[in-house]
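Enquirer: Please find one structure pasted underneath; my questions will follow.
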Amino acid sequence: MEPVVKHAWNLSEMDAVKLQQELSLKIVKEDQLKEVNYVAGVDVAYSEHSDKLIAAIVILEASSLHIIESVVVEDMVHFPYIPGLFSFREIPPLLKAFKQIKTPPQLIVCDGQGMAHPRRFGLASHLGVLFDIPTIGCGKTKLLGEFQDPEVKRGSSSPLVDHREVIGAVLRTQDHVKPIFVSIGHRISLATACEWILKLSPKYRLPETTRQADQLVNKVLAGLQREQE
């Protein structure tokens, strides 16, 4: 898979913010999904002892949630740690991983934010716009916004609001379990994004896309760190 939108990655903080503001205008907030047969989960993990990072993509069959394909890339950190600009650290290695994918997904779920971001352009939106593919932001914690706790039953949700704008949903994926934070990435509505996260979370708090990608990067990273010891 190759991105349809390309830009430089070696940017100053000011230029990166400006680029986010420009690209955020391209986000489509309505459903533009064709039939979804394969869903991708993406994750990036960092070494504690070096500048190395591990990026992983896991492709799941949408109907069974079985893993069809996975790709892992080892890379170096090339962008500083700046809150609100994580996509500039994490997308370059993910682009290398997507180049190796043989089973193109029709939907990408990111362990991070989409429009629930100060400039309404988190990792999920950035990735979605680059590939022009439906994406969902699904964070374990909120980046910003206010909300009321949703009801305790699976499927309950409440709006995540910032300056009177609904920027996401706080979704309970299992009974009596802490909710997660869902937001539009690109080419999907918030309601449909929540429906998909529930489909992808039949047993656990986090969707299988996130769980499988997270397990993969941590397994590879643990092996890498053992080699360094």
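The values are calculated or read from the model by the stated rules, or taken from the named source; none is laboratory data. The structure displayed is predicted, hence computed values, not measured ones. Backbone-built Cβ (ideal geometry, glycine too); neighbour counts: all protein chains shown. Ligands, DNA and RNA are excluded from the accessible area calculation, which covers all protein heavy atoms including side chains. Shrake-Rupley method; radii C 1.70, N 1.55, O 1.52, S 1.80 Å.
Enquirer: Restricted to the stretch 36-64, and to residues that are under 20 Å from G137 (Cα atoms) and of a type in the set (D, E), which residue is modelled with the highest pLDDT?
Expert: Applying the filter and picking the extreme gives E61.
Enquirer: Right, here's the next one. Which is open to solvent by less than 20 Å² (accessible area, probe 1.4 Å) and modelled with pLDDT under 95, of G122, G112, G137, G145?
Expert: Exactly one of G122, G112, G137, G145 is open to solvent by less than 20 Å² (accessible area, probe 1.4 Å) and modelled with pLDDT under 95, namely G112.
Enquirer: Among (1) surrounded by 14 or more Cβ atoms within 10 Å (Cβ to Cβ); (2) under 18 Å from the mean Cα position of the chain (by Cα); (3) more than 24 Å from F86 (Cα to Cα), which single condition is A191 missing?
Expert: The failed condition is (1).
Enquirer: Restricting attention to the stretch 46-87, and to residues there that are within 23 Å of D15 (Cα to Cα) and of a type in the set (F, W, Y), which single residue is least open to solvent (accessible area, probe 1.4 Å)?
Expert: F79
Enquirer: Out of H126, H117, report the one residue that is within 26 Å of W9 (Cβ to Cβ) and in a helix (DSSP H, G or I).
Expert: H126
Enquirer: Same structure again: Under 6 Å between Cβ atoms, at least 6 apart or on separate chains: pull out the pairs that start in the stretch 133-149 with a residue that is without any contact (Cβ under 8 Å) to a residue 24 or more places away in the chain and closer than 17 Å to R164 by Cβ and end on any residue that is polar (S, T, N, Q) and surrounded by fewer than 20 Cβ atoms within 10 Å (Cβ to Cβ).
Expert: Note: pairs meeting the criteria are F147/S158; Q148/S158.
Enquirer: Next question, about the same structure. Which members of the stretch 89-104 meet the condition of being open to solvent by less than 10 Å² (accessible area, probe 1.4 Å) and over 26 Å from V166 (Cβ atoms)?
Expert: Once the filter is applied, which keeps residues that are open to solvent by less than 10 Å² (accessible area, probe 1.4 Å) and over 26 Å from V166 (Cβ atoms), the stretch 89-104 yields P93, L94, A97, F98.
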